[in-house]
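The values are calculated or read from the model by the stated rules, or taken from the named source; none is laboratory data. Just so it is clear, the model here is predicted, and its values are computed rather than measured. Please note: Cβ atoms are built from the backbone with ideal geometry, for glycine as well, and neighbour counts cover all protein chains shown.
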């Protein structure tokens, strides 16, 4: 009998050598005449341990990591003789970092073969859709609403209400659009789930389609994610072959099919109306709302547009019931959030947990502080449009409202950690610069404001009339915040103002003490 | 591995356009397909796309120029993209970008005089837990440090 090994094919694992390790394992095993079978999974999300190699045993999977090509011979020795190995981490499921998570959405990610529909079904896949088909539209809407699920893209709009609006709209065609334009730095949950459990996204979108009466779906994936594009395309073909996309899904009377569309490097296309314009083949100019996409979306038709993680949460909710999901969380933030720990962090990766965990627990305890070993000084939560928080705010619970109350946002759940070498003037300048590069140009506060913002912060950095220019930046931020058409111009002030507020000492040089005259 | 592109050919261009012209919202799909075949979107292709989709030349030009991905001339033989977003900045990406610029003698967004290497910024490869990261001709590299960067630069210059 051959030994079953699991090595991730996730882009994050491949970037640190997973392909080379898999190849080395194959070669070394062949040379020794040992029969092995390597299954390329998604990532478990423990990126500091990638490339992670897991071995199937009667007691469950045993993990080794981070494995390099040169570790392969000793690893095979240890497996053959059942002796200890320096990289042995024990049972994967018992690794504390993984064990303390609540994996509802990411339950299968890193476990199954993302190319295998059978593997997906063997691990509970399509149970949610089967129940959805038996429930019908109204009952599905009741479940999704009762789960308390809010849009995971960042805006946090209740998913059930959005779906209901589209379900009630009358039109000859309706669309389901999945926003996979995950452009925020520090976020990679969409990428991971598309690469590691693509059928889950398809199942979520299909469920949405049968609920609102849409027969066509598009998933708009950014071009920076070629591995995710490949994985989704392969899964769509497999789902079609298995009768889960196309006419009469799963033997029902419903029809739904979908296709992948690839972005072209515009950050603003993550904004839903810009994304719709781009899908229609135009410049990604933001649309004024109303009308809402739910009424007037893709090609002018009623459209459900949700983030990857919103669709990915749906199968669990339907399979296990709304209550099972809503039992997790705090306040109006129900369920779990796949949080992404990134940047200068020792234990970076994906940590799915119920809302309510504090920022300090996430960064210091779970993340283990910085990998440089220097003190954590600032964390940016929620991508390039999210606020910079100092340690003083580490008691903030991870919750939409709690972050908003402190002039921040959780966005798509990314946390980027900076050590004490960070210059917050540079980060504030970058926020404006990024907005200037990526602005769609439709509204003046964003298009012009961001460029003026860069110039003014540069004056501050040069020491040119610092207090006057600081006041000017604050004023400009208010104009952008209240005058911009979408979140790009409207939220760029968050990182800028938070840097000014919490890290003032970086902007205003300490007064030089005059030397007493001799 | 260096990507191999076909030289621009009008008949081949027309074939590619015709292949996708009937899809809904086809403009980006066609521009991607043209760039995949030729390595860039030749100026001559713009009016052809416009005609196939019943759009004005200005509209197609507008789409082409809006998106960072589309090139109006071929890139260097190798394209080295360095992630310049916050997670990579936090992990020492600024110094590595400056090092790459110095080694190659070009600033980000430019191609070396010998047309060997195009050095570009990219805003997030989604490898934020193994930052800083880069992509050389489609191959991803994480946990970049000076040594790994130098190796990448040397490989690109070959």
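Just a few scattered comments:
- Of all residues in the stretch B:119-151, those satisfying the criterion of being part of a strand (DSSP E or B) and within 14 Å of chain A (Cβ to nearest Cβ) are B:120, B:121, B:122, B:134, B:135, B:136, B:139, B:140, B:141.
- Filtering the stretch B:1-34 to residues that are more than 19 Å from the chain's Cα centre (by Cα) and either within 14 Å of chain A (Cβ to nearest Cβ) or closer than 26 Å to residue B:135 by Cα (or both) leaves B:17, B:20, B:21, B:22, B:23, B:24, B:25, B:26.
Listed here are the residues, each with its yes/no results for (1) assigned by the TED database to the domain that holds residue A:497; (2) closer than 19 Å to residue A:505 by Cβ; (3) under 24 Å from the mean Cα position of the chain (by Cα); (4) surrounded by 17 or more Cβ atoms within 10 Å (Cβ to Cβ).
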| site | (1), (2), (3), (4) |
| --- | --- |
| A:429 | yes, yes, no, yes |
| A:432 | yes, no, yes, yes |
| A:436 | yes, no, yes, yes |
| A:446 | yes, no, no, yes |
| A:449 | yes, no, no, yes |
| A:457 | yes, yes, no, yes |
| A:462 | yes, yes, no, no |
| A:466 | yes, yes, no, no |
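- Condition met for residue A:249 (touching a strand residue (DSSP E or B) at 6+ places or on another chain (Cβ under 9 Å), crowded, with 17+ Cβ neighbours inside 10 Å, closer than 18 Å to residue A:163 by Cα and in contact (Cβ under 8 Å) with a residue 24 or more places away in the chain): no
- On the stretch given as the stretch A:156-206, residues that are under 17 Å from the mean Cα position of the chain (by Cα) and free of Cβ contacts under 8 Å to residues at least 40 places away in the same chain total 1.
This table checks each residue for (1) within 11 Å of chain B (Cβ to nearest Cβ); (2) on the phi > 0 side of the Ramachandran plot; (3) outside any helix (DSSP H, G or I); (4) under 24 Å from the mean Cα position of the chain (by Cα).
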position	(1), (2), (3), (4)
A:227	yes, no, no, yes
A:236	no, no, no, yes
A:274	yes, no, no, yes
A:278	yes, no, no, yes
A:281	yes, yes, yes, no
A:286	no, no, yes, yes
A:310	no, no, no, yes
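- The stretch A:333-354: number of residues that are more than 22 Å from residue A:44 (Cβ to Cβ) and either crowded, with 22+ Cβ neighbours inside 10 Å or within 11 Å of another protein chain (Cβ to nearest Cβ) (or both): 1
- Of B:90, B:98, all but one fail to be within 12 Å of chain A (Cβ to nearest Cβ), within 26 Å of residue A:431 (Cα to Cα) and at pLDDT 95 or above; the exception is B:90.
- Considering the stretch A:359-470, the qualifying strands (runs of 3 or more DSSP E), each wholly inside and each with 3 or more residues that are within 14 Å of another protein chain (Cβ to nearest Cβ) and modelled with pLDDT of 95 or more, run over A:376-381, A:414-419.
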